[in-house]
Amino acid sequence: MTIIVGLTGGIASGKTTIVNLLRKNKLAVHDSDLVVGGIYSKPKAKFLNHLKKTSLGKSIKGKNIDKEIIRDEIFNNIKKRKLLESYIHNEVKKDRSIFIKKHKQKKTKIIFLDIPLLFEKKLEKICDSIILFYAPLTIRKKRAIRRNGMQKKILEKIIKSQLSDKVKKKKADFVIDTSTNKNLCFNEVLKIIKSIKNK
């Protein structure tokens, strides 16, 4: 049986750093953000048409998409946000289903699903265990602001659109504080993986 472990955390929770370490250690990880990145960096005609239909066409700049324009638009218009998210989440879901099916056929012992909005999208049911990556909000805000193009006003709206850490902690099976050293965090993950495998 393939054990499915969900990985989640709010914006700038340090999850991506741990996911990269899991991948370096040859563990099977499905990265939702990576799929989304591919949708934007190599946009298909279907996606471009969807942007035009949802009045986000001005984000299309030749063969590229200006994500900053999209971010500004969708966090100021809930209808546009829901329409865009519906498309994106459907594409990610299809890719994730292929990943799970492939590894179940290969009889991979344990796989990881990196899903930022795991609880918000009620995806607990597809996971056997869930690890929440957490850092105090002040630290997360500092990390996010350091990212290119992240404005404080947009950041606040993103945080408000996600469940609070308090709620997520109650729903998760394991919680890892990423405000410490990244190697310590990764060692914690390895201990959790060992305990999950030995269940």
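A few comments on the model shown:
- Looking across region 132-175 at every residue that is modelled with pLDDT of 90 or more and small (Gly, Ala, Ser), the one that is farthest from THR17 (Cα to Cα) is identified as SER164.
- Top-ranked residue in region 65-107 [being modelled with pLDDT of 95 or more and among the acidic types (Asp, Glu); ranked as nearest to SER41 (Cα to Cα)]: GLU91
- One residue stands out among those in region 1-27 that are outside any loop (DSSP other than H, G, I, E, B), out of contact with any Asp or Glu (no Cβ under 6 Å at 6 or more places or on another chain) and not polar (S, T, N, Q): the one that is most open to solvent (accessible area, probe 1.4 Å), which is LYS24.
- So HIS30, is it surrounded by 14 or more Cβ atoms within 10 Å (Cβ to Cβ), farther than 19 Å from PRO116 by Cβ and touching a strand residue (DSSP E or B) at 6+ places or on another chain (Cβ under 9 Å): no
- Residue in region 38-53 that is under 20 Å from ILE115 (Cβ atoms), in contact with a helix residue (DSSP H, G or I) (Cβ under 8 Å, 6 or more places away or on another chain) and surrounded by 12 or more Cβ atoms within 10 Å (Cβ to Cβ) present: yes
The values are calculated or read from the model by the stated rules, or taken from the named source; none is laboratory data. Predicted model only: the values in this text are computed from it and were never measured. Methodologically, a virtual Cβ is constructed for each residue, glycine included, from the backbone with ideal geometry; neighbour enumeration extends over all protein chains shown. The area values use the complete protein model at the heavy-atom level, side chains included, leaving out ligands, DNA and RNA. Shrake-Rupley method; radii C 1.70, N 1.55, O 1.52, S 1.80 Å.
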